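Participant: Before anything else, here's the structure in question.
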Amino acid sequence: MKSLLLPMSYAMRSDGSTRRGAVVMLMVIMLPVLLIIAGFAINLSYMELARTEMQIASDAASRAACRNYARTESKSDAITAAQQAAAANPVVGKVIDLRSGDIVFGTSMRPSLSSKYIFTPEDEPYNSVRVTLDAAASGSLPLPMRMAASSVNFQPSQIATATQAELDISLVVDRSGSMAFGSDETVSNSSPPSRAPAGWTWGDPVPPGSRWLEAVVAVNDFLDILNDSNAKEFVGLATYNQTAFIDLALTADYSNITQKLTNHSNAFQTGATNIGDGIGFGVDNLLQSSKRRKWAVRVLIVLTDGIHNTGPDPVAKTYYARDNNVIVYTITFSSEADQSRMQQVALVGSGTHYHATDMASLRLVFQQIARNLPVLLTE
C-alpha cells in the first residue's frame, strides 16, 4: 500500500518525463527519414525542371536550325543557329553544349493531316532538323541533395524535330477600282488615276505606278522565294472587286499565277471591295482543288488596299477559314485601308497582320511572310 501513497508531484513528474522521452526518441528515429523524403522530393522537382528546360532548349534549337536552313540552305549556318539557340536557353542555370554531330538533317513526311510526321535522316531535299540535347556533353547536372556519400549526377537528354511544313497557299488579291491608283495618291471616283494616259478608261491596261502593278511585283517576289525553298508548296489565286472568283486552282507552276495577274493588268476593271467573298473563295480554293493535299498546312494570304463595302462580313467569313484549319494572314496596302478590321481577321484566323504603305514595304511584307511560313515541331 506504500506505493499508493507516493507524493502526487513525483507521479506526475515520472509520467511527464516518460512522454517527453518517447517524443525525443521518436524524433531521433524519424528525422533522418524525413530528411531522406525531403531530399527525394527536392531532387525529383529539380529533375522535372531540368527535363522541362531541356525540352525547351532542344525545341528552340531545332526550330532555329530549320528556319535558318529554309532561308540559307547552309547546313553550317543552321548548325550555328541551333547552337546559339541552345546556349540562349540554359538548363537549371547551366548551358548545355550542343554538338554538331547531334544535329541531323533529313525529311519528315506524313500521310494525312491527322497523322504523325515520320523523320528520315539524311534524306534530301531536307525539310527537317532533329536535335538531340544531352546533358552528358557538358559534364552532367549535379543533383542538389546528396543521397549517398558521393555526389549524384543527373544526365537528361531530349530530342526535338522541327519541320518546314508543306503548304497549300491561297492568294487572295484585291482588284477593286482603287488598285488602279498609286499608293501615294488619294482615290477619286470622279477622275481617273493621275498616272493614267490621256483617254484612259476602265478596261484598258492598268496605269503605270498603280497599286495593282506594285502588288504584282510583290507577289512575284513571294513566288520566287517559294520556288527556291526545299519544301513543295502549291499556290492558288483568287481575286475580288465587288465580286470574287477563283482565278487559278492550286498549282506548283507559279508562272500560271503570274499570267493570271498579267491578264488583269492588261484589262483592268473597276469595282467595289468585297473582302468577305474574297476570303470565302480563297478558302474554297484550298478545300476544293484537285491538287489539295491532306497532310499540307493550309494558308490564306489576303491583300486589300481599301475598306470592305459590299458582300458578307470578312470577319464572319474568317470563321469559315478557321473551322477548316486555314491560317489567315492579312496585308493592308495604302493609308486608306481598314487596318483595324484586317487585324481582327488575322486574329480570328490565327495568323498575322501586316501593313505596307508603298511598293518597297509591300515587297518586304511578302518576303517576310514567305520566309516565316509555319515551321512545325513534329517530334
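Participant: Go through (1) outside any strand (DSSP E or B); (2) within 30 Å of ALA316 (Cα to Cα); (3) modelled with pLDDT of 95 or more one by one and return the number of the condition GLY271 breaks.
Facilitator: Among (1) outside any strand (DSSP E or B); (2) within 30 Å of ALA316 (Cα to Cα); (3) modelled with pLDDT of 95 or more, the lone unmet condition for GLY271 is (3).
Participant: Assess whether SER183 counts as being touching a Ser or Thr at 6+ places or on another chain (Cβ under 7 Å) and either within 29 Å of GLY280 (Cβ to Cβ) or surrounded by fewer than 22 Cβ atoms within 10 Å (Cβ to Cβ) (or both).
Facilitator: Taking the combined requirement at face value, the residue satisfies it.
Participant: Restricting to the stretch 49-82, count the residues that are free of Cβ contacts under 8 Å to residues at least 60 places away in the same chain and touching a Pro at 6+ places or on another chain (Cβ under 9 Å).
Facilitator: 1
Participant: Tell me yes or no: at least one residue of the stretch 229-239 is among the aromatic types (Phe, Trp, Tyr) and either within 19 Å of PHE366 (Cβ to Cβ) or not assigned by TED's automatic domain parsing to the domain that holds PRO142 (or both).
Facilitator: The answer is yes; a qualifying residue exists.
Participant: Out of ALA316, ALA337, ALA356, report the one residue that is closer than 30 Å to ALA65 by Cα, touching a residue at least 24 places away in the same chain (Cβ under 8 Å) and small (Gly, Ala, Ser).
Facilitator: Testing whether each residue is closer than 30 Å to ALA65 by Cα, touching a residue at least 24 places away in the same chain (Cβ under 8 Å) and small (Gly, Ala, Ser) leaves just ALA356.
Participant: Further question on the same structure: For GLY276, work out the one condition from (1) surrounded by fewer than 16 Cβ atoms within 10 Å (Cβ to Cβ); (2) over 13 Å from ASP168 (Cβ atoms) it doesn't fulfil.
Facilitator: (1)
Participant: Scan the stretch 83-108 and report the pairs whose first residue is under 11 Å from ALA137 (Cβ atoms) and free of Cβ contacts under 8 Å to residues at least 60 places away in the same chain and whose second residue is among the acidic types (Asp, Glu) and surrounded by 19 or more Cβ atoms within 10 Å (Cβ to Cβ), with Cβ atoms within less than 9 Å and a gap of 6+ or a chain change.
Facilitator: ILE96/ASP134; ASP97/ASP134; LEU98/ASP134; ARG99/ASP134; ASP102/ASP134
Participant: Something else: HIS264 - would you say it is assigned to a strand (DSSP E or B) and over 20 Å from SER229 (Cβ atoms)?
Facilitator: So HIS264 does not fit the description; no.
Participant: Considering only residues that are assigned to a strand (DSSP E or B) and without any contact (Cβ under 8 Å) to a residue 40 or more places away in the chain, look in the stretch 109-133 and name the one that is farthest from GLU73 (Cα to Cα).
Facilitator: ILE118
Participant: Also, I was wondering about something else. For the stretch 304-318, what are the residues that are surrounded by fewer than 16 Cβ atoms within 10 Å (Cβ to Cβ) and in a helix (DSSP H, G or I)?
Facilitator: Passing the criteria: only ALA316.
Participant: Quick one: is GLY278 closer than 30 Å to THR378 by Cα, in contact with a strand residue (DSSP E or B) (Cβ under 7 Å, 6 or more places away or on another chain) and not assigned by TED's automatic domain parsing to the domain that holds LYS116?
Facilitator: Spelling it out, it is not the case that GLY278 is closer than 30 Å to THR378 by Cα, in contact with a strand residue (DSSP E or B) (Cβ under 7 Å, 6 or more places away or on another chain) and not assigned by TED's automatic domain parsing to the domain that holds LYS116.
Participant: Let me ask another. Which of the residues that make up the stretch 319-354 are within 30 Å of ARG293 (Cα to Cα) and either among the acidic types (Asp, Glu) or surrounded by fewer than 19 Cβ atoms within 10 Å (Cβ to Cβ) (or both)?
Facilitator: Across the stretch 319-354, the qualifying residues are TYR319, TYR320, ARG322, ASP323, ASN324, ASN325, GLN343, GLN344, LEU347, VAL348, SER350, THR352.
Participant: Mind checking whether some residue in the stretch 356-375 is in the same structural domain as ARG293 (by TED's automatic domain parsing), in a strand (DSSP E or B) and within 24 Å of ARG211 (Cα to Cα)?
Facilitator: Within the stretch 356-375, one or more residues are in the same structural domain as ARG293 (by TED's automatic domain parsing), in a strand (DSSP E or B) and within 24 Å of ARG211 (Cα to Cα).
Participant: Looking only at residues that are surrounded by fewer than 22 Cβ atoms within 10 Å (Cβ to Cβ) and modelled with pLDDT of 85 or more in the stretch 130-157, which one is farthest from LEU373 (Cα to Cα)?
Facilitator: The extreme case among them is ASP134.
Participant: Which condition breaks for ASN68 when tested against (1) assigned to a loop (DSSP other than H, G, I, E, B); (2) out of contact with any strand residue (DSSP E or B) (no Cβ under 7 Å at 6 or more places or on another chain)?
Facilitator: (1)
The values are calculated or read from the model by the stated rules, or taken from the named source; none is laboratory data. Quick caveat, the model's predicted, so the values are computed rather than measured. Because the Cβ atoms are built from the backbone with ideal geometry, glycine has one as well, and the counts that use them run over all protein chains shown.
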